[in-house]
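Single-structure report; data block below.
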Amino acid sequence: MSSSQEALKQLDESPLSGFHFKTVITAGMGFLTDAYDLFIIGVVTSILKDTWHITSLETSLLSSVALLASVLGAVVFGRIADTMGRKFIYGYELLVLAIGAIASALAPNVIWLLIFRFILGVGIGGDYPVSSTLMSEYANRKDRGKLITFVFSTQALGLIIGPLLTYILLQSGIDKELTWRLILGAGAIPALATFWLRRQISETPRFALAKGDDAGVTRAVEMAEGKHSNAAEAGDKSENLVPEQTRQDQETSTQEKNESVQERKTSWRELFTVRHWLIWLLGAAGTWFLLDIAYYGTTVSTPIVIKLFSPKTSLTTNMLYTLLIFVVAALPGYILSAFTVDRIGRKPIQLVGFGMMAVSYGVLFIFPQLTAITIPFLLCYGLAYLFTEFGPNVTTFLYPAEIFPVTVRTTAHGIAAGLGKFGAFIGAFIFPLMLASANFKLPGAMGVAAIICLAGFLLTFVLPEPKQKSLETIEKEGEELDQKIEVRENQQGSPA
């Protein structure tokens, strides 16, 4: 075993350090911004109905265009991160997001607002594969699920801050036209504040090893263990301590390793040709796709949903109901996931989550009278939120960051996230239309969500359980699985 592989094993067994939590904050601030920018549009469209008198079709387009753009962002940024490195691209997705947020706040009409929301969506999509993979490749094996979940759970703050800020602005007497512009523009603040922090993070040790960069592996592991606070400074010091002849020998050795690494390097095409990777990709991307149809469809439409079951509710009260659902149901679900995902496992949590979502939405469909009674409706709707967060909303984000090889990890995550966001686009587009339709309305929309969640439950069974395993072990188990299947098929195909 090489010194670099030993370093990775050491990282897998190391305790949590300040670096891990700093990385959680650095990556998590992006997801706070993502959630804020994606879900605040539901509030904005409620205001624009009064100020710009937008149609149901315009409402659906505004609710979904950023999600459609995030498909492009996830795939493009994910592929770049596998080709050029995580560090190479990290942070620039936030600049794209910030430009889109500021421009959206200045939009003169619906057309320009759609264009600027598309730009914002590209940045949001790019954040998913890079942040999750970077955290997974720095984490130890025992706490990897918790750390990635912490990153993703900052979404809860974005869900809460949006309605809270809107409520404060409305209560302060600020004009509605100015209010929606302020809340859209505010999405740029955390993105710009985090950009510099992201540019300081060193390349991950696992990607460095894949490129044959032993010095980069050592440097990154030492950072993760708290032995160096600055990657560049650590690199400069280590290089200055190496004699010239030794450095030349190391460069020759690294070149040889690079050549051998290139021979073993996984092509992105193998995600579609190697049996177990294709099955896992279909499972990871498919469950994310199904989840986001239901989740984004209901979440972005929450202000519309509340207006349907309580037509006389004012916009301010609507914001309080929305805030209540997020604080009481969504936030505890995120916290519960973070502290149990490494004990219970990804697969059981995803199965329970999808199952309870299907039951909660199904009850509202089977007993439509509950959609007109405040307390029972909020209990069922809130229960679905709880098990979304303590369930597939977290685990679908985790899976692609763990079960694919390092050289295609962000590519696979980008594909899964991209398909997920395409599902989110579908949900955010069709749910407002279903809620406005005389044939569906609120009970019908809940029935559609229940069927989708049931499909996600069934598809989860094709996925492996990666809890507390090293990323390298997961990769080997996949290869062994294919070998066993080939041996079994050969035995079945051979003559007696």
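Angle check, please: helix 18-51 long axis (alpha carbons) against the longest principal axis of the chain (alpha carbons), in degrees 0 to 90, nearest 10. In the chain, helix 18-51 runs at an angle near 30 degrees to the longest axis.
Students often get this wrong, so check it: of Lys176/Lys441; Lys211/Lys467; Lys87/Lys211; Lys9/Lys476; Lys87/Lys421; Lys87/Lys347, which have C-alpha atoms separated by over 21 Å?
Numbers: Lys176/Lys441 28 Å; Lys211/Lys467 26 Å; Lys87/Lys211 13 Å; Lys9/Lys476 15 Å; Lys87/Lys421 24 Å; Lys87/Lys347 30 Å.
Pairs exceeding the cut-off: Lys176/Lys441; Lys211/Lys467; Lys87/Lys421; Lys87/Lys347.
Starting with the highest mean, order 374-382, 210-218 by the number of other Cβ atoms within 10 Å, averaged over the residues of each peptide.
Values: 374-382: 16.8, 210-218: 21.1.
Output ranking for 374-382, 210-218: 210-218, 374-382.
Shape descriptor for the range 397-496: Rg over Rh equals 1.17 (Cα atoms; Rh from the Kirkwood inverse mean 1/r).
Counting only Cα atoms, I'd like the Rg/Rh figure for the chain, Kirkwood definition for Rh.
On the way: Rg = 23.5 Å, Rh = 23.3 Å.
Ratio of gyration radius to Kirkwood radius for the chain: 1.01.
Between the range 174-198 and the range 11-57, what is the separation of their alpha carbon centroids in Å? Going from one Cα centre to the other spans 11 Å.
Remark: the Met84-Lys227 segment gains 48.8 nm on full extension, using 0.36 nm per residue and subtracting the alpha carbon distance. Of the peptides 468-477, 23-32, the order by per-residue mean of other Cβ atoms within 10 Å, starting with the highest, comes out as 23-32, 468-477.
Projected over every direction and averaged, the convex hull enclosing the alpha-carbon atoms of the range 75-180 yields 8.1 nm². Rounded to the nearest 10 degrees, the inclination of helix 409-436 to the longest alpha-carbon principal axis of the chain is 10 degrees.
The slack between Asp175 and Thr316, meaning 0.36 nm per residue of separation minus the straight C-alpha distance, is 49.4 nm.
Run lengths n ≥ 4 of DSSP H only: what is the helix-derived mean residue ellipticity at 222 nm for the chain, with -39500 (n - 2.57) per run over all residues, to the nearest 500? Could you put the intermediate results ahead of the total?
On the way: 25 runs with 394 residues, N = 496.
Result for the chain: -26500 deg cm²/dmol, rounded to the nearest 500.
For the chain, take the longest principal axis of its alpha carbons; what is the angle in degrees between that and the long axis of helix 176-185, to the nearest 10 within 0 to 90? Result, in degrees: 10. Using every pair of separate Cα atoms, the Kirkwood estimate puts the hydrodynamic radius of the range 45-137 at 13.9 angstrom.
Sorted from greatest to least, the principal axis extents spanned by the alpha carbons of the range 178-222 come out as 54, 17, 10 Å.
Within 10 Å, count the other beta carbons around each residue, average over each peptide in 445-456, 342-353, 280-291, and list them highest first.
Working: 445-456: 22.8, 342-353: 19.9, 280-291: 25.0.
Top to bottom by mean Cβ count within 10 Å: 280-291, 445-456, 342-353.
Picking from Val24, Ile40, Gly121, whose Cα lies most toward the positive end of the charge dipole for the range 21-136 (charges on Cβ: Lys, Arg +1; Asp, Glu -1)? With unit charges placed on the Cβ atoms, the residue in question is Val24.
Remark: spin-label model distance Asn439-Lys476 equals 5.6 nm, labels positioned 7 Å along the Cα→Cβ axis.
Values quoted throughout were computed directly from the atomic coordinates according to the rules given, and no laboratory measurement underlies them. Quick caveat: nothing in here was measured; it's all calculated off a predicted structure. Reconstructed Cβ throughout: ideal geometry from the backbone, glycine too, with neighbour counts over all protein chains shown.
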